[in-house]
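Asker: Structure incoming, see below.
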Amino acid sequence: MFSSFIKSAALSPSVVVADVNANAEAIIAAVKRCAADGVRLAVLPELCLTGSTCGDLFRNERLRDAAVKALIYILKETGSEDVLFTVGLPVEVSGRLYNCAAVCCCGKVCGLVPKTVLTHAESRQFSPGTAEIREISIDSLGCPIPFGAMQVFESAHMSGMSAAVEFSTELFSAESKTPALAAAGARIILCPSALPELVGSAERRRMMALSSSERISAGYIFADAGCGESTTDYVYGGHCFICENGKMLAESEPFTDNCCAVELDIGRICAERLRFGGNTDNAENSGIVRVACDWLRDKNKMSLPLTRHISPTPFIPEDEAECARRCKLVFELQCRGLAKRISHTHAKTAVIGASGGLDSTHALLVAHKALELCGRQPQDLIAVTMPGFGTTARTRSNAEILIEQLGASCRCISIADAVLGHFADIGHDPDMHDITYENAQARERTQILMDIANQTGGLVVGTGDMSELALGWATYNGDHMSMYGVNASLPKTLIRRIVRWYADNCPDARLASALVDVIDTPVSPELLPADKVGGIAQKTEDILGPYELHDFFLYYTVRFGFSPEKIEFMANHAFDCVFESDVIAKCLRTFTRRFIMQQFKRSCLPDGPAVGSVSLSPRGGLVMPSDASSAIWLES
């Protein structure tokens with residue numbers, strides 16, 4: 001496993017109120033079980049060593065002394081485990097009592113973090129902690145221990161692995177300290193909690209933690225008090241969950257098994273922070289202390305199988321209802337963008353090349369709706385079919401059905417004679433089916449569309465998608481060029497899904513049937529002659545590899561800047577039992593080489609609307625030199 005993944009756990013073991021010895025045994029068992037399962041970071045509820053419902057017993061010297069002795073016992077029994085974990089207990093400092101999280105690792109207390117925001121009931125026994133960091137000595141715990149609310153705990157052995165503690169009441173406070181902790185380098189927030197289970201409380205916890213983890217770009221591990229706490233006034237549910245950058249990764253619902261574990265991706269967290277400008281503060285200027293811990297000593301212990309779910313379709317929500325909403329929104333964005341451009345340029349027509357393929361079909365649907373938004377007639381959409389040497393009856397028929405059912409104006413212009421004449425002009429043998437043979441056709445089609453747009457006072461709508469642009473699978477100044485590229489920020493997999501969504505919601509049965517057949521047709525530029533039975537001979541995915549893989553690579557390359565090695569690792573996990581590892585490796589190498597080599601085609605893209613967080617537009621999406629070397633990315 002890549003070292004940027006760290007398996008983390010939220011635990012709520014059963015407690016016995018005030019029986020610190022029994023609770024210590026439960027904590028030790030939980031930590032050892034976690035270590036055996038590959039967990040390297042664990043959060044337990046606040047005051048889990050005593051129980052959070054001891055009330056005025058917290059003032060009793062016997063309970064406090066027993067808690068410290070039990071903590072020493074826990075440190076001794078877990079000293080050989082390479083796990084950073086929290087233990088909640090009451091701690092007396094300078095005549096005041098604090099509700100503390102002891103951050104423990106490798107047999108030592110790395111720091112004591114006091115709770116700063118107390119409930120009304122807690123303020124009867126405890127004093128609120130402060131941001132000031134000082135060192136304190138506690139009998140039998142050995143060397144002085146950092147004490148204070150603003151501490152960031154870092155691995156002394158693995159760069160980037162850092163965590164800080166925030167109690168749940170601090171999460172809900174208007175003065176949350178997580179922004180400052182994140183700015184000082186904390187990438188994971190450990191949240192011990194002892195909140196009772198009330199109607200709506202679980203939803204509120206989720207919402208607040210998800211919002212916080214997204215706002216500061218961090219992992220968030222939440223562990224609430226549960227079974228065994230006193231039910232004198234409240235019931236505790238042991239709610240546990242882990243989220244990252246606003247996404248829920250694992251959750252144990254209240255009153256269930258009170259334990260969940262999953263890998264947090266530190267690399268993803270760091271990438272998100274870089275995307276929004278990185279950290280804007282530092283520990284020295286904010287009074288935060290960084291504490292080096294003897295944690296993650298052995299990287300080999302990180303190499304356990306990945307259990308975290310990685311979607312094979314990062315551009316497409318896996319939930320069907322959410323997917324439908326995404327398709328509707330993206331389609332609306334495209335239509336509104338094109339409608340604005342048509343209105344702004346006073347274009348009389350929208351001109352589009354209709355091949356019967358997936359991209360041009362989707363662009364036709366967008367252009368049809370955009371004209372409707374402009375109050376124009378369907379006939380103002382001029383759809384041009386331009387059969388060439390590789391056009392098949394299937395794609396041509398689908399194009400004609402689409403044009404007819406949408407009520408667009410249709411023009412059919414064969415490019416064969418013009419291209420053959422061009423071959424004669426430049427002295428190219430038409431029997432030589434090379435790149436000149438292919439690109440001459442694409443450029444002839446673009447010339448026809450541009451001239452018809454001039455002829456009709458119109459605007460050429462581009463059909464090329466983001467997957468093709470990423471791979472450079474477009475003819476420079478051919479299908480690469482238009483007056484407005486509506487598909488430029490949509491990957492092939494998402495376009496296929498939107499066309500399916502449109503078909504599923506289309507009342508026109510003939511149109512819907514044609515759309516389904518377009519989806520089922522192999523992706524092809526149809527620039528080489530058809531096979532012996534008239535079928536498509538030039539299938540893009542047979543040449544480049546599956547678009548499912550390329551879109552996966554595209555997402556993690558552009559969105560997070562991950563290395564090819566990490567992307568390959570994630571792809572093998574996401575596409576397990578779908579693609580063999582050698583297929584993934586070969587496809588990734590093709591993507592990496594072409595993605596960097598073909599930037600020159602993306603440096604001069606026409607305008608087009610961005611619809612998501614990944615865009616290849618040179619004006620605001622991907623800023624990249626056209627002559628960058630791919631050498632370091634292709635190193636094996």
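Asker: Kindly provide the helix-only [θ] at 222 nm of the chain, computed as the sum of -39,500 (n - 2.57) over DSSP H runs of four or more divided by all residues, to the nearest 500 deg cm²/dmol? It would help to have the intermediate numbers written out before the result.
Answerer: On the way: 20 runs with 244 residues, N = 636.
Taken over the chain, the calculation gives -12000 deg cm²/dmol.
Asker: Can I ask one more? Would you mind ranking Met597, Met386 by Cβ crowding within 10 Å, fewest neighbours first?
Answerer: Placing the least packed residue first, the sequence is Met597, Met386.
Asker: Moving on. Under 5 Å between amide H atoms, partner at least 5 residues away or on a different chain: which partners does Gly462 have, H built in plane at 1.01 Å?
Answerer: Placed amide hydrogens put Met483, Tyr484, Gly485, Val486 under 5 Å from Gly462.
Asker: Taking a cut-off of 17 Å between Cα atoms, list the lysines near Lys348, but don't count ones fewer than 8 places away on the same chain.
Answerer: Filter leaves Lys340, Lys369.
Asker: For the stretch 5-302, what is the relative contact order in percent, using Cα pairs closer than 8 Å and at least 6 residues apart in sequence?
Answerer: Dividing the mean separation by the residue count of the stretch 5-302 yields 21 percent.
Asker: Mind checking the full-extension length gain between Thr232 and Glu320? Use 0.36 nm per residue of separation minus the Cα-Cα distance, one decimal, nm.
Answerer: Working: separation 88, 0.36 × 88 = 31.68 nm, distance 4.40 nm.
Between Thr232 and Glu320, full extension yields an extra 27.3 nm.
Asker: So, one more: In whole angstrom, note down how far apart the Cα centers of the stretch 158-202 and the stretch 435-512 are.
Answerer: The stretch 158-202 and the stretch 435-512 have Cα centres separated by 48 Å.
Asker: Still on this structure, please answer the following. Can you compute the modelled spin-label distance between Ile426 and Ser343, with each label point 7 Å from Cα toward Cβ, in nm?
Answerer: 4.1
Asker: Oh, and also: Mind sorting out which of (i) 35.5; (ii) 32.2; (iii) 29.7 is the real mean projected area of the Cα convex hull in nm² computed from the coordinates?
Answerer: Recomputing mean projected area of the Cα convex hull in nm² here gives the entry labelled (ii).
Asker: Taking other Cβ within 10 Å of each residue's Cβ, how do Ser213, Ser414 sort, fewest first?
Answerer: Working: Ser213 27, Ser414 12.
Starting with the residue having the fewest Cβ neighbours, the order is Ser414, Ser213.
Asker: Just how many pairs of Lys in the stretch 5-302 have C-alpha atoms closer than 29 Å, counting pairs that are eight or more places apart or on different chains?
Answerer: Lysine pairs, 8 or more places apart or on different chains, close enough: 29.
Asker: Does anyone have the angle between helix 547-558 and the longest principal axis of the chain? Alpha-carbon axes, 0 to 90°, nearest 10?
Answerer: 60
Asker: Tabulate in residue order the Karplus-calculated ³J(HN,Hα) for the stretch 371-386, using 6.51 cos²θ - 1.76 cosθ + 1.60 with θ = phi - 60°, rounded to whole Hz; enter x for Gly and Pro.
Answerer: Rounded to whole hertz, the list is 5, 4, 5, 7, x, 9, 8, x, 5, 6, 8, 9, 9, 10, 8, 10.
Asker: What is the sum of charges around Pro192, taking Lys and Arg as +1, Asp and Glu as -1, for the other residues whose C-beta is under 15 Å from the C-beta of Pro192?
Answerer: Around Pro192, the surrounding residues sum to -3.
Asker: Once amide H atoms are built 1.01 Å from N in the peptide plane, which residues 5 or more positions from Leu41, or in another chain, come under 5 Å H to H?
Answerer: Here the answer is Ala9, Leu84, since their amide H atoms fall under 5 Å of that of Leu41.
Asker: Tabulate in residue order the Karplus-calculated ³J(HN,Hα) for the stretch 578-586, using 6.51 cos²θ - 1.76 cosθ + 1.60 with θ = phi - 60°, rounded to whole Hz; enter x for Gly and Pro.
Answerer: 10, 10, 5, 4, 6, 5, 4, 4, 5
Asker: Could you list Met432, Met483, Met466 so that the one with the fewest beta carbons within 10 Å of its beta carbon is first and the one with the most is last? List each step's numbers first, then the result.
Answerer: On the way: Met432 10, Met483 19, Met466 30.
Neighbour counts put them in this order, fewest first: Met432, Met483, Met466.
Asker: For the stretch 107-112, what does the Karplus curve 6.51 cos²θ - 1.76 cosθ + 1.60, with θ = phi - 60°, yield as ³J(HN,Hα) per residue in whole Hz, taken in order and with x for Gly and Pro?
Answerer: Couplings: x, 10, 8, 6, x, 10 Hz.
Read the figures in this text as sums done on the coordinates, not as results from a lab. Keep in mind it's a predicted model, so treat the numbers as computed, not measured. Methodologically, a virtual Cβ is constructed for each residue, glycine included, from the backbone with ideal geometry; neighbour enumeration extends over all protein chains shown.
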